[in-house]
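Q: One structure is given below, represented as structure tokens, and several questions about it will come after.
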Amino acid sequence: MVSPVQVLCLVLVALLWGGSNPFLKRGTEGIEGVRGGGGAARQFLAELRFLFLNVRYLVPFLLNQSGSLIYYLTLASADLSLAVPLTNSLTFLFTLLGGALLGEDVGGKRAVAGTALTVLGVALCVVSSVNESGGAGL
């Protein structure tokens, strides 16, 4: 059975994940120029330092991770056959919308068509889940 609270939590997770993706991408700009000097371990540590001292990366990262925490807690009681496709497809949708709002090239008509098909697929999953649980889910 799917409760409205579970659906809202899963949509919130998708929003946190998808909404933070374009900002994570922007926050990593400039990491190519980071030089650790002296081997792979120092390079790795220099890149970690760059990321975690960079507010443009750290804030979206923390939002993304809070989405992961909510997802983990929601999965304890949610139907996996609905939770996984709902969250993953809506994450894609929110990533596309966030990228478009930031002025990124999101793919034009093909992206819009793909997004429409994704929304249709999510709607079918939700309706199917509600029908299987006797209509009492939402």
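Q: Among what's in the stretch 120-138 and is surrounded by 14 or more Cβ atoms within 10 Å (Cβ to Cβ) and either in a helix (DSSP H, G or I) or hydroxyl-bearing (Ser, Thr, Tyr) (or both), pick the residue that is modelled with the lowest pLDDT.
A: It comes out as Ser133.
Q: Only one residue in Phe44, Phe52 is surrounded by fewer than 16 Cβ atoms within 10 Å (Cβ to Cβ), in contact with a helix residue (DSSP H, G or I) (Cβ under 7 Å, 6 or more places away or on another chain) and of a type outside the set (S, T, N, Q). Which one?
A: Numbers: Phe44 fails: in contact with a helix residue (DSSP H, G or I) (Cβ under 7 Å, 6 or more places away or on another chain).
When all the criteria are applied, what remains is Phe52.
Q: Mind counting the residues in the stretch 89-107 that are touching a helix residue (DSSP H, G or I) at 6+ places or on another chain (Cβ under 9 Å) and exposed (fewer than 15 other Cβ atoms within 10 Å of the Cβ)? Before the answer, list the steps.
A: Applying the first criterion (touching a helix residue (DSSP H, G or I) at 6+ places or on another chain (Cβ under 9 Å)) to the stretch 89-107 yields 89-102, 104-107.
Remaining after also requiring exposed (fewer than 15 other Cβ atoms within 10 Å of the Cβ): 101-102, 104-105, 107.
Counting residues in the stretch 89-107 that are touching a helix residue (DSSP H, G or I) at 6+ places or on another chain (Cβ under 9 Å) and exposed (fewer than 15 other Cβ atoms within 10 Å of the Cβ) gives 5.
Q: For the stretch 16-24, does any single residue satisfy the condition of being surrounded by 15 or more Cβ atoms within 10 Å (Cβ to Cβ) and among the polar types (S, T, N, Q)? Before you say what the answer is, go through the steps one by one.
A: Filtering the stretch 16-24 down to residues surrounded by 15 or more Cβ atoms within 10 Å (Cβ to Cβ) leaves 16-24.
Filter once more, so that each one left must be among the polar types (S, T, N, Q): 20-21.
The answer is yes; a qualifying residue exists.
Q: A follow-up question, please. I'd like the full set of residues that are modelled with pLDDT of 85 or more, farther than 13 Å from Leu10 by Cα and in a helix (DSSP H, G or I), limited to the stretch 93-108. Lay out the reasoning, then the answer.
A: Kept after step one, since they are modelled with pLDDT of 85 or more, are these residues of the stretch 93-108: 93-104.
If we keep only those that are farther than 13 Å from Leu10 by Cα as well, we get 93, 95-104.
Passing the criteria: Leu93, Thr95, Leu96, Leu97, Gly98, Gly99, Ala100, Leu101.
Q: Next question. Is there any pair with a first residue in the stretch 111-131 that is within 14 Å of Pro4 (Cα to Cα) and a second that is polar (S, T, N, Q) and in a helix (DSSP H, G or I) whose Cβ atoms are under 9 Å apart and which are 6 or more apart or on different chains, and what are they?
A: Ser129/Ser81
Q: Also: Farther than 22 Å from Val119 by Cα and assigned to a helix (DSSP H, G or I) - does that describe any residue in the stretch 71-87?
A: Step one: list which residues in the stretch 71-87 are farther than 22 Å from Val119 by Cα, which gives 72-73, 76-77.
The next check asks that each one be assigned to a helix (DSSP H, G or I); those that pass are 72-73.
Yes, the stretch 71-87 contains at least one residue that is farther than 22 Å from Val119 by Cα and assigned to a helix (DSSP H, G or I).
Q: Just wondering, is there one or more residues in the stretch 22-45 that are closer than 23 Å to Leu120 by Cβ, part of a helix (DSSP H, G or I) and either at pLDDT 95 or above or under 11 Å from the mean Cα position of the chain (by Cα) (or both)?
A: Within the stretch 22-45, the first condition is being closer than 23 Å to Leu120 by Cβ, and the residues that meet it are none.
Within the stretch 22-45, not a single residue is closer than 23 Å to Leu120 by Cβ, part of a helix (DSSP H, G or I) and either at pLDDT 95 or above or under 11 Å from the mean Cα position of the chain (by Cα) (or both).
Q: Pairs, please: C-beta under 6 Å, at least 6 apart or cross-chain, first residue acidic (Asp, Glu) and in the stretch 25-48, second modelled with pLDDT of 90 or more and part of a loop (DSSP other than H, G, I, E, B)?
A: The qualifying pairs are Glu47/Val34.
Q: Same structure, new question: If I filter the stretch 55-88 down to residues being at pLDDT 95 or above, of a type in the set (Gly, Ala, Ser) and touching a Leu at 6+ places or on another chain (Cβ under 8 Å), which single residue comes out as surrounded by the fewest Cβ atoms within 10 Å (Cβ to Cβ)?
A: Ser66
The values are calculated or read from the model by the stated rules, or taken from the named source; none is laboratory data. Keep in mind the model is a prediction, meaning the values are calculated, not measured. Cβ: placed from backbone, ideal geometry, glycine included. Neighbour counts: every protein chain shown.
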